[in-house]
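Encoded as structure tokens, the structure appears first; notes follow it.
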């Protein structure tokens with residue numbers, strides 16, 4: 001299982017801030033997970049719409065779309081940071 | 001030292017605490033970010049700060065450690081508030097202390113420029129024309145890039 005977290009506008013589009021999902025296949029990349037999530041429903045499609053800036057972290061460290069996800073990972077999707 | 005909190009902070013209290021810890025400090029520079037009552041022609045009645053618990057603390061601690069190493073800071077502090085804030089309220093405090101002022105000014109600037117793009121916070125504004133998530137600014141990326 002992986003824990004997937006959604007922040008800010010993504011959380012609002014999808015309707016949840018967190019969910020546990022079975023890892024669809026081992027050796028999966030972030031890009032492949034995004035494609036999987038996009039297909040889950042309208043809110044997901046809106047959140048991950050092409051052209052929207054969505055960034056990712058794996059186990060609380062910034063990651064990129066080519067990075068591989070391992071079972072037990074915490075994956076977070078979010079817009080660019082706007083703190084400070 | 002880094003803190004994330006919902007309640008307000010007081011600059012005088014924080015400066016006194018930093019100075020009390022060391023007597024080899026020759027310069028202290030602070031930056032305070034506050035909530036404005038307007039943005040791009042819209043009024044802002046409330047600003048809500050969201051963050052990623054766990055990752056936020058790590059990000060701020062890393063930024064502070066980088067600043068201390070790079071500018072040879074004697075002491076430093078980052079305080080960032082979360083939750084709903086009103087215009088006029090403080091959002092963030094950065095203090096850099098060093099032997100001399102060049103390092104203190106640069107250290108403070110580096111920390112605020114870096115936390116704006118590297119620390120997981122998100123702002124949502126609400127006002128008379130509704131609610132909207134604040135968009136990341138190219139100017140902030142440019143400010144961050146200057147330190148690379």
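Given the structure, is residue B:23 surrounded by fewer than 16 Cβ atoms within 10 Å (Cβ to Cβ) and either over 17 Å from residue B:124 (Cβ atoms) or at the interface with chain A (Cβ under 10 Å from one of its Cβ atoms) (or both)? Yes; evaluated as a whole, the condition is true for this residue. Going through (1) in a strand (DSSP E or B); (2) more than 9 Å from every other protein chain (Cβ to nearest Cβ); (3) crowded, with 18+ Cβ neighbours inside 10 Å one by one, residue B:132 falls short only on (3). Taking segment A:16-73 as the region of interest, the strands (runs of 3 or more DSSP E) fully inside it that hold 3 or more residues being under 24 Å from residue B:54 (Cα atoms) and more than 14 Å from every other protein chain (Cβ to nearest Cβ) are A:18-21. Report whether or not residue A:26 is at negative phi, modelled with pLDDT of 95 or more and loosely packed, with under 15 Cβ neighbours inside 10 Å. No. Residue-level analysis places residue B:90 among those that are within 12 Å of the chain's Cα centre (by Cα) and surrounded by fewer than 21 Cβ atoms within 10 Å (Cβ to Cβ). When residues in segment B:76-107 are screened for being more than 14 Å from every other protein chain (Cβ to nearest Cβ) and either without any contact (Cβ under 8 Å) to a residue 60 or more places away in the chain or in a helix (DSSP H, G or I) (or both), 11 of them pass.
Of all residues in segment B:113-129 being more than 13 Å from residue B:80 (Cβ to Cβ) and within 13 Å of the chain's Cα centre (by Cα), which is nearest to the other protein chains (Cβ to nearest Cβ)? Here the residue is B:117. When B:110, B:71 are checked against the criterion of being in contact (Cβ under 8 Å) with a residue 24 or more places away in the chain and within 14 Å of another protein chain (Cβ to nearest Cβ), B:110 stands alone in meeting it.
The values are calculated or read from the model by the stated rules, or taken from the named source; none is laboratory data. Nothing here was measured: the structure is a model prediction, and the numbers come from that model. Note that we place each Cβ from the backbone using ideal geometry, even for glycine, and neighbour counts take in every protein chain shown.
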